[in-house]
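To start, the structure under review is shown below, and the notes come after it.
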Amino acid sequence: MNADPAVDVAAERAQTLGVRNAHHLNAAGSALPTIAVVDEVVAHLRREEHEGGYEAAAAVAGRIEELYAAAARAVGAAAAEIALTDSATTGLRVIVDALRPDSSARLLVSRSTYVSHALHLLSVARDTGAELVVLPNGPDGGVDLERLERMLTGGPRDIVCVAHVPTSSGLVEPVRAIGELTRRSGATYLLDATQSVGQLRVDVGEIGCDALVTTGRKFLRAPRGTGFAYVRRTLLERLAPVAPDVRGAVWTGSRAWTLSPTARRFETWESSVAGRLGLLVALTQLLDRGIAATEVYLAATAARLRAGLAAIPGVTVRDPAACASGIVTFTVDGFGAEAVSLRLAARGVRTVSVPASHGQWDLGARGVPAVVRASVHVYNDDDDIDALLGAVGEIARGAAA
Ligand SMILES: Cc1ncc(COP(=O)(O)O)c(C=O)c1O
């Protein structure tokens, strides 16, 4: 089934111990890391044990510099435009707060917005009086571009926030077309690339976003508690973090401080150095494998899964038409999504259920209380797909009986 010979699925499986334990179809939750990623993390923890945390960090300072370069390469940015974070949520919060939206701001948000980002943007709107507009979708399920164009008033008071790929479906938003519109109107464009970096080609120059956030543990296959953000140089020079930290600022006098000239001004001192070294290994492995090959393989594997699910009586695929990602969502008649996911786990197939409370502007608005989400990666093979289809078929037949 290998849709692109450049992805060597057998080799990926050989370096992924987790594939031996279950059919893991939850990359969109937290993907299986490679042996090399875990070895790197453990080795650094051992180094901290023997040398002390600060001494161990000093010894790998050069590797952390390499991480900025690798993250920048992965998204087409410059190393100075990268800030390391512990999650995508932290990245977006720090950037949104630094924009200091006031009552003149308009927050134009996609229906694909992730719960934690939505809750932050809603509370910013409530506290500042900024207007929050949930963007309408077009017939393919992505942002309606014509209506977005009409809604942009011109200038940076419009802050457009879009998830490239949401948590709640296989949708891929038309991020480049949105970027053309925001560039033309002068709006500030924030891209949540949490579910896309590592599975789709993401180039901030081509997309035209002003900032991007992502996380390590999903399609990048890095350790938990890692992530990074990109802030366009011209934007970051104008943005000061609401809470400067010793990592990104120097306290120069009794009441004076200066900010780092780079995106590091948004960072905090404390971090898991071990986790960041793991992120570097994961990024290096992704860049070696090739994002184009990864994208083709994941899209083809997910498409096969969707087609197989759609053919099972009683199963409804819930992805919109514009679903080109490695995420597949579905429901089974007669069962709640959580019950399906638990039954699948009992059969050795790992998925999750995503409730409407994780995406009210998407699942909630569609009137779907929850979906089962299966998400594939390069270590998933025919056997994993067949296992999921077989198990879902059994569950669906059980409901019908
Ligand atoms: C689309 C999307 N954005 C953001 C996040 C949040 O990522 P993190 O938990 O790293 O903050 C998630 C997590 O599932 C997500 O699916």
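The values are calculated or read from the model by the stated rules, or taken from the named source; none is laboratory data. All values derive from a computational prediction rather than experimental measurement. Neighbour counts are summed over all protein chains in view; Cβ atoms, including those assigned to glycine, are modelled from backbone coordinates with ideal geometry. To get the accessible areas, we keep the full protein, side chains included, count just its heavy atoms, and leave off ligands, DNA and RNA. Shrake-Rupley method; radii C 1.70, N 1.55, O 1.52, S 1.80 Å.
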**Asked** Checking A69 against (1) open to solvent by 20 Å² or more (accessible area, probe 1.4 Å); (2) touching a residue at least 40 places away in the same chain (Cβ under 8 Å); (3) hydrophobic (A, V, I, L, M, F, W, C), which test does it fail?
**Response** (2)
**Asked** Among the residues of the stretch 199-214, is there at least one that is assigned to a loop (DSSP other than H, G, I, E, B), farther than 19 Å from L287 by Cβ, open to solvent by less than 10 Å² (accessible area, probe 1.4 Å) and within 16 Å of the ligand (Cβ to nearest atom)?
**Response** yes
**Request:** Residues being farther than 21 Å from V165 by Cα and acidic (D, E): count how many of those fall in the stretch 79-94.
**Result:** 1
**Prompt:** From the set of residues in the stretch 128-153 that are part of a loop (DSSP other than H, G, I, E, B) and under 17 Å from R106 (Cα atoms), which is modelled with the lowest pLDDT?
**Reply:** T153
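Looking at the stretch 180-214 only, could you name the residues that are more than 21 Å from A293 (Cα to Cα) and touching a strand residue (DSSP E or B) at 6+ places or on another chain (Cβ under 6 Å)? Explain how you work it out, then say what you get.
Our first condition is that a residue be more than 21 Å from A293 (Cα to Cα); within the stretch 180-214, this holds for 180-192, 208-213.
The answer is T182, A187, T188, Y189, L190, L191, D192, C209, D210, A211, L212, V213.
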**Request:** Return yes when P244 is surrounded by 16 or more Cβ atoms within 10 Å (Cβ to Cβ) and either among the acidic types (D, E) or in a loop (DSSP other than H, G, I, E, B) (or both) and no when it is not.
**Result:** yes
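Kindly provide the set of residues from the stretch 48-60 that are in a helix (DSSP H, G or I) and open to solvent by less than 90 Å² (accessible area, probe 1.4 Å), ordered by number. Quick ask: steps written out before the conclusion?
Kept after step one, since they are in a helix (DSSP H, G or I), are these residues of the stretch 48-60: 48-51, 53-59.
Selection gives E48, E51, G53, A56, A57, A58, A59.
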**Message:** I'm told T182 meets every condition in (1) part of a loop (DSSP other than H, G, I, E, B); (2) over 28 Å from V368 (Cβ atoms); (3) of a type in the set (S, T, N, Q) except one. Can you identify the failing condition by its number?
**Reply:** (1)
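I'd like the full set of residues that are among the acidic types (D, E) and open to solvent by 10 Å² or more (accessible area, probe 1.4 Å), limited to the stretch 347-401.
Keep residues of the stretch 347-401 that are among the acidic types (D, E), which gives 362, 381-384, 386, 394.
Residues satisfying the conditions are D362, D381, D382, D383, D386, E394.
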**Message:** Quick check on my filter: what residues within the stretch 85-111 are out of contact with any Leu (no Cβ under 6 Å at 6 or more places or on another chain) and within 16 Å of S169 (Cβ to Cβ)?
**Reply:** R111
**Request:** Look at the stretch 247-272 and say how many of its residues are farther than 14 Å from I95 by Cα, touching a Gly at 6+ places or on another chain (Cβ under 9 Å) and open to solvent by less than 40 Å² (accessible area, probe 1.4 Å).
**Result:** 2
